[in-house]
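Heads up, the thing below is written out as structure tokens.
The values are calculated or read from the model by the stated rules, or taken from the named source; none is laboratory data. If you're wondering where the values come from, they're calculated on a predicted model, not measured in any experiment. Neighbour counts run over all protein chains shown; Cβ positions are idealised from the backbone, glycine included.
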Amino acid sequence: MVKSAMPRQGWDIADKGGVEVSEPMHASSQYLSIPAILRRNAETYADKPAYREKDLGIWQSWTWSQAEREIESLAIGFLDLGVSEGDFIAIAGRNRPHFYWSMVAAQMVGAIPVPIYHDSAADEMAYVLDHCGACLAVVEDQEQIDKILDVQEQLSRLKHMIYVDSRGMRKYDHARLHQFSHVQDVGRSKRDELTGELEARRSRLDYSSTCVMLYTSGTTGKPKGVVLSNRNIIESSIASCKFDGLGQNEEVLAYLPMAWVGDFMFSIGQAFWSGFCVNCPESADTMQMNLREIGPTYYFAPPRVFEMQLTNVMIRMEDAGILKKRIFGFFMDHAKKVGPAILDRKRVGGWDRLKYWLGNLIVYGPLKDTLGFGRVRLGYTAGEAIGPEIFEFYRSLGINLKQLYGQTEASVFVTIQPDGEVRADTVGVPAPGVQVKVADSGEVFYRGPGTFVEYYKNPESTAKTKDADGWVATGDAGFMDGTTGHLKIIDRAKDVGKMSSGKMFAPKYVENKLKFFPDILEAVVFGNQREECTAFMNIDLNAVGNWAERNNIGYASYQELASHPRVLETIREHVEEVNLSLSEDPMLAHSQIHRFIVLHKELDADDGEITRTRKVRRGVISEKYEDLLGALYDGSREIYTTTEVTYEDGRKGSISATLKIMDAAVALDGKMEHMAAG
Amino acid sequence: MPDQLIFATEVFLNGLMAGVLYALVALGFVLIYKASGIFNYAQGVMALFAALTLVGIMKGQVPFAHLINAVFGTHVHYFGWNVPALVAIVLTMLVMVGLAWAVNEIVFKHLVNQEPILLFMATIGIAYFLEGIGDMMWGSEIKKLDVGLPQGINLWIDNVTYNAFGYGFFIDNLDIVATVVAAVLVFTLIVFAQYTKQGRAMRAVADDHQAALSVGISLNFIWVMVWSLAGFVALVAGIMWGTKSGVQFSLSLIALKALPVLMLGGFTSIPGAIVGGLIIGVGEKLFEFAIGPMVGGATENWFAYVLALVFLVFRPQGLFGEKIIERV
Amino acid sequence: MANGVRAQAAAGGGIVGDVVLEMENIILRFGGVTAIKDISFDIRRGEIRAIIGPNGAGKSSMLNVISGFYHPQEGQIWYKGRERPAMKPYEVALQGIARTFQNIALFEGMTVLDNIMTGRIRQMKSGLLAQALWKGKAEREETENRESVERIIDFLEIQHIRKTPVGRLPYGLKKRVELARALAAEPSILLLDEPMAGMNVEEKEDMSRFVLDVNDEFGTTIVLIEHDMGVVMDLSDRVVVMDYGRKIGDGTPDEVRRNQDVIDAYLGVSHD
């Protein structure tokens, strides 16, 4: 591991334009597939826990050798169902050992696992199942089975479906439906008969075999199937485990969608390579409690989760007694002052250390325990920019929270922050073995051991994204920070536009600044080819709702709260604060928000307005709310609008509202000036 | 250590011991209040009644001797045997269970869903009835109660403290026993309430009658059980107080001391009754020790009530009571 | 969701057995008012039986008669082939008839787990002394009870609130906890008093699914009262329709829907 900022060896940083290429790094692994690593673990870590799941109120656990038996039984069950090498097996469920086993069992029989977001709508699921031509689907329960049965006419290649939870399934026609435990039973009973075939297939796996295919949600167009080889996953796992010193004694809580590359990397790639235990929560709703019970040492969460937890802490402190509040405030201030420095092993005075130690005893320690972070040694966040305050809050508590920048196409890792070089506004240095360059257009490119093989059945997209030399376009715009050598991401490359004055328009940057306020859940900024910037907002029902309760403001719905004059006024204050800070940066002063609307509904993945990973779909939104967008620029005071909404079960309805268009004051060189009304 | 501090420490310890006895009585109140919402004014009298019965059985006294003699012109007073303490305690407990059953069967069964004030009035009635019947059954003279509990100064503590401070503390052995017994009692009650089926049923009844009925809990059974438990606690309190200061009718007045204890601890909390009792016990002894001489003494008579009053103003739910939340 | 499930269930056909409860010429009066006027109907093992009718039709009174909260002045109740004498509600519960309440009757100060555990009173046999010693049988019994309670918690998807005091839960979840407590008794008959009252569309669909799944998985006989016609017709095998204390219809949802008296009663009364 390299500690100094520069120069770095083993990987290199390419600046704009000029590229220096050194010998690509190859970790030498004698294990060429995940099933091969499983065999190693079943021998080396035979009695160490590999999986835990809370079921019926009790943590059940499986050791590595038990896990191998479970996976083998399942794999033989797959053989019995007629799965051939090269077939695709779709997997849709929340994080449970069964589904992790299904992925590895699929690999074991030479098939390719395709995890799918289990909360996706029937037609999204149908598209993926059809596109990969899955012959088998392993799903959680009746809900998923119903979804697939709804669209089965389109899926000519789907032969069998396996479900884990038998509830409500008794009356279904079981010609093509199988219960997970029965498949394993068959596997166990046919072990003698089919082990030979299984071993033969297992031995044919190598570095170039496909390890997994993951569909990217994509902000535009249909999802694409990213093919990742064993080389991609195993080498990325080895490098990243070494980078952060992950060992066999880590504990992780698997709770992020299994269809997301990050979960595959953490819960299969790194977990198998290091031999650590993957813990599965009892249900999505118990995640926070299970986090406390397990006390993971290694934890990953998108910024939203960290933000939500911080908001909850703050809400609880609002309700606390005056003495508690004082103590909390005193020690948190102290933590902010010296916590990050202590974490980075910098010099801190003895008195400050003593105070920090005391604070840890009565505030930070208990707080970390409640959050479930009591034992977290290493935490990562990625996917979106994280608010500097949120980031600093966790670091000041002594949690080594870092950022990384990654993509499905990169097997996660593009850049990563080394210990001691952690900052809120960068995403770190190129990951081990990865090369990064920034094109003249501002777009970031990379190549490395994790670089994907191809988009399945989509050579045009593959060619558009990955060039002959293996450089992959990220679609993100950014730059290398001259002094630190860290990458800074500002926005999606295609979203960086120009205002009519010709100046750069980077909406994401402004949106993130707005979203750092707990009251604002989402913001969509407009201004491309326009003279000034405007925005749509969603308030955070949790934070604003709590505020409303404390101030005796009654409300029956999101819509009602979002249109309350005092709420609008508060949001205006936030916008003006953002304007003030933007005005201090000469590159961005022109992107201040002049007018905004607080939307009457929350942007929703079911309506296609945001992706399942909560990325804003700008195009969809500006089309759908064309009338509102017009009103932002034509000087209207208010506008009446009707919007179609989709409920969770797929039914449609509509809501109407009269929305106020709010003006915000803009600033000049860090000073507020009042604009003429109208 | 300065003398004043040594004396204060001794006063403090004695206060703790006195507090345990207050707490024992308060505990009986809490049990019944929690399970049935009844403020049982008769709790103190139950302790008296239990102590009277215990003494009577031990000494082989003939119950209702005066009445029998007056009606039949006989002169029976004693059966002429002595019953061992342990057997007598078990028999007394049976009497208390019988009393619980009778109280429920004759009074409370007919007052289901009545106003709390009515139920409270009923307990006042029960208190005077019990006092009267106790008098009739066992006579009204002061009796000595000795079930074999150690009494008198604890010499070991006296020695140790004498060697350490040059002043021997006076701690009564009986107070030490009372403390241990109270601790065991509270622990048992909490385990009972939390972990047994009957305890769970008791909490269920305390929470919602209709719901309790719908899962198959007999309200009458639970009420008899709760009154029996309160009877048991009364018996324990009766033994302690009776041993300490003799079984006499003023024993029923200790119930009044339990009131401020409840205001401090909260009417619904078992730990609250204990802590409240200790605070009152220590508070009044220390107050008397420190302030008493300046105001001419006898502060013990009113200190507890003033303290309770202060609590009523600032924390009406008591230290451990369920928070009174007003939804607006 | 409910519609999809229903289609499947109907296709499979419920397993309905003998008569388990029979109400015969029940008459219930409160002072001068007659709430139930000579009603007879039966409930078969394994079916979902609905009692519907406009507000004030006497549905809740009927449920209270079955669960022993009210005692009819006239008529007989036959339970499992025997005539049932007048009983206290807790005795009825111990006989295996569990219920929920329209206005929710839970132990607000106790945790969800404790609430559901109270539902097991019927299955708890060991006495106080055995429990005091906390050995062998009592311990095994507690574990068994806990296990079956956990299965219900899992079934109704309330793991996340297991240790939460009921008083802090929102309305929809309370309804679910109440259902869980009733289920914990492993009842022969489960009485649901307006299980969907006061719920939004999504919660109603969840509850419908749970009711169907309970009937399907555990084979529980369910009697439910609702005034939301749509929900009832989707859920039940047979329906009794009441109006002003009289029975005006009895049969499958389709039969009832075609019944002229029922149509009149529902057209004559505004319902929501």
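Hey, among C:154, C:264, which residue is more than 14 Å from every other protein chain (Cβ to nearest Cβ), of a type outside the set (Gly, Ala, Ser) and surrounded by fewer than 18 Cβ atoms within 10 Å (Cβ to Cβ)?
Exactly one residue qualifies, and that residue is C:264.
Quick one: residue B:158 ticks every box in (1) farther than 26 Å from residue B:272 by Cα; (2) of a type in the set (D, E, K, R); (3) within 14 Å of chain C (Cβ to nearest Cβ) except a single one, so which number is it?
Condition not satisfied by residue B:158: (3).
Just one of (1) buried (at least 22 other Cβ atoms within 10 Å of the Cβ); (2) within 19 Å of the chain's Cα centre (by Cα) trips up residue A:256, so point out which.
Result: residue A:256 passes all but (1).
Within the range A:252-263, which residues are in contact with a Cys (Cβ under 9 Å, 6 or more places away or on another chain) and within 21 Å of residue A:417 (Cα to Cα)?
A:252
Can you name the strands (runs of 3 or more DSSP E) wholly within the range A:461-533 that have at least 3 residues being polar (S, T, N, Q) and touching a residue at least 60 places away in the same chain (Cβ under 8 Å)?
By residue number, no strands (runs of 3 or more DSSP E) qualify.
For the subset of the range B:22-40 comprising residues that are in contact with a Lys or Arg (Cβ under 9 Å, 6 or more places away or on another chain) and not charged (D, E, K, R), which member is farthest from residue B:96 (Cα to Cα)?
Per the criteria, the residue is B:22.
Give, as residue ranges, the helices (runs of 4 or more DSSP H) completely inside the range B:205-298 that count at least 1 residues that are at positive phi and either of a type in the set (Val, Ile, Thr) or modelled with pLDDT under 90 (or both).
Qualifying helices (runs of 4 or more DSSP H): none found.
All but one of (1) over 27 Å from residue C:143 (Cβ atoms); (2) within 12 Å of another protein chain (Cβ to nearest Cβ) hold for residue C:187; which doesn't?
(1)
Among the residues of the range B:124-140, what is the count of those that are of a type in the set (Gly, Ala, Ser), surrounded by fewer than 16 Cβ atoms within 10 Å (Cβ to Cβ) and closer than 17 Å to residue B:40 by Cβ?
1
Residue under question is residue A:526, and the condition is that it be in contact with a helix residue (DSSP H, G or I) (Cβ under 8 Å, 6 or more places away or on another chain) and closer than 23 Å to residue A:623 by Cα; does it hold?
yes
Can you name every residue in the range C:219-231 that is away from chain A (no Cβ under 11 Å) and at pLDDT 85 or above?
C:220, C:221, C:222, C:223, C:224, C:225, C:226
Counting residues that are farther than 25 Å from residue C:236 by Cβ, away from chain B (no Cβ under 14 Å) and not aromatic (Phe, Trp, Tyr), which strands (runs of 3 or more DSSP E) fully inside the range C:20-132 reach at least 2?
C:33-44
Rundown of residues vs (1) closer than 18 Å to residue A:300 by Cα; (2) at pLDDT 95 or above; (3) in a helix (DSSP H, G or I), yes/no style:
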site: A:183; (1), (2), (3): no, yes, yes
site: A:187; (1), (2), (3): no, yes, yes
site: A:221; (1), (2), (3): no, no, no
site: A:227; (1), (2), (3): no, yes, no
site: A:252; (1), (2), (3): yes, yes, no
site: A:257; (1), (2), (3): yes, no, no
site: A:272; (1), (2), (3): yes, yes, yes
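Based on this model, can you work out whether residue A:262 counts as part of a helix (DSSP H, G or I), free of Cβ contacts under 8 Å to residues at least 60 places away in the same chain and crowded, with 17+ Cβ neighbours inside 10 Å?
For residue A:262, the condition - part of a helix (DSSP H, G or I), free of Cβ contacts under 8 Å to residues at least 60 places away in the same chain and crowded, with 17+ Cβ neighbours inside 10 Å - is not met.
Suppose we keep only residues that are out of contact with any helix residue (DSSP H, G or I) (no Cβ under 9 Å at 6 or more places or on another chain) and at negative phi within the range C:25-40. Which one would you say is surrounded by the fewest Cβ atoms within 10 Å (Cβ to Cβ)?
C:32
From the list C:212, C:235, C:224, C:179, pick out the single residue that is among the aliphatic types (A, V, I, L, M), buried (at least 17 other Cβ atoms within 10 Å of the Cβ) and out of contact with any Lys or Arg (no Cβ under 9 Å at 6 or more places or on another chain).
That would be C:179, the only listed residue that is among the aliphatic types (A, V, I, L, M), buried (at least 17 other Cβ atoms within 10 Å of the Cβ) and out of contact with any Lys or Arg (no Cβ under 9 Å at 6 or more places or on another chain).
State whether the residues of the range C:196-211 include one that is in contact (Cβ under 8 Å) with a residue 60 or more places away in the chain and away from chain A (no Cβ under 13 Å).
Yes.
Would you list the helices (runs of 4 or more DSSP H) that sit entirely within the range A:59-166 and hold 1 or more residues that are more than 26 Å from the chain's Cα centre (by Cα)?
A:64-80, A:97-108, A:142-150
For residue B:168, work out the one condition from (1) without any contact (Cβ under 8 Å) to a residue 60 or more places away in the chain; (2) assigned to a helix (DSSP H, G or I); (3) more than 27 Å from residue B:238 (Cα to Cα) it doesn't fulfil.
Among (1) without any contact (Cβ under 8 Å) to a residue 60 or more places away in the chain; (2) assigned to a helix (DSSP H, G or I); (3) more than 27 Å from residue B:238 (Cα to Cα), the lone unmet condition for residue B:168 is (2).
The rows are residues; the columns are (1) touching a Gly at 6+ places or on another chain (Cβ under 9 Å); (2) surrounded by 23 or more Cβ atoms within 10 Å (Cβ to Cβ); (3) under 30 Å from residue A:453 (Cα atoms).
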residue	(1), (2), (3)
A:361	no, no, no
A:367	no, no, no
A:383	yes, no, yes
A:386	no, yes, no
A:398	yes, no, no
A:406	yes, yes, yes
A:411	yes, yes, yes
A:416	yes, yes, yes
A:420	no, no, no
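List every residue pair whose Cβ atoms sit under 6 Å apart, with the two residues 6 or more apart in sequence or on different chains, where the first one lies in the range B:187-202 and is under 18 Å from residue C:143 (Cβ atoms) and the second, anywhere, is at pLDDT 85 or above and not in a helix (DSSP H, G or I).
Partner pairs satisfying both residue conditions: none exist.
Filtering the range C:238-248 down to residues that are crowded, with 19+ Cβ neighbours inside 10 Å and not hydrophobic (A, V, I, L, M, F, W, C), which residue is nearest to the other protein chains (Cβ to nearest Cβ)?
C:238
Taking the range A:124-176 on its own, how many of its residues are free of Cβ contacts under 8 Å to residues at least 12 places away in the same chain and either more than 14 Å from every other protein chain (Cβ to nearest Cβ) or under 23 Å from residue A:76 (Cβ atoms) (or both)?
Selection size over the range A:124-176: 4.
Any chance you could count how many residues in the range A:31-58 are outside any helix (DSSP H, G or I), surrounded by fewer than 19 Cβ atoms within 10 Å (Cβ to Cβ), out of contact with any Gly (no Cβ under 8 Å at 6 or more places or on another chain) and more than 14 Å from chain C (Cβ to nearest Cβ)?
Here the count works out to 5.
Considering only residues that are part of a helix (DSSP H, G or I) and farther than 24 Å from residue C:69 by Cα, which ones fall in the range C:172-201?
C:172, C:173, C:201
Which ranges mark the helices (runs of 4 or more DSSP H) fully within the range A:540-616 that have 3 or more residues being free of Cβ contacts under 8 Å to residues at least 40 places away in the same chain and closer than 17 Å to residue A:526 by Cα?
Correct list: empty, since no element meets the threshold.
Being touching a Pro at 6+ places or on another chain (Cβ under 8 Å) and either of a type outside the set (Lys, Arg) or on the phi > 0 side of the Ramachandran plot (or both) is the filter here, so list the residues in the range A:175-210 that pass it.
Once the filter is applied, which keeps residues that are touching a Pro at 6+ places or on another chain (Cβ under 8 Å) and either of a type outside the set (Lys, Arg) or on the phi > 0 side of the Ramachandran plot (or both), the range A:175-210 yields only A:205.
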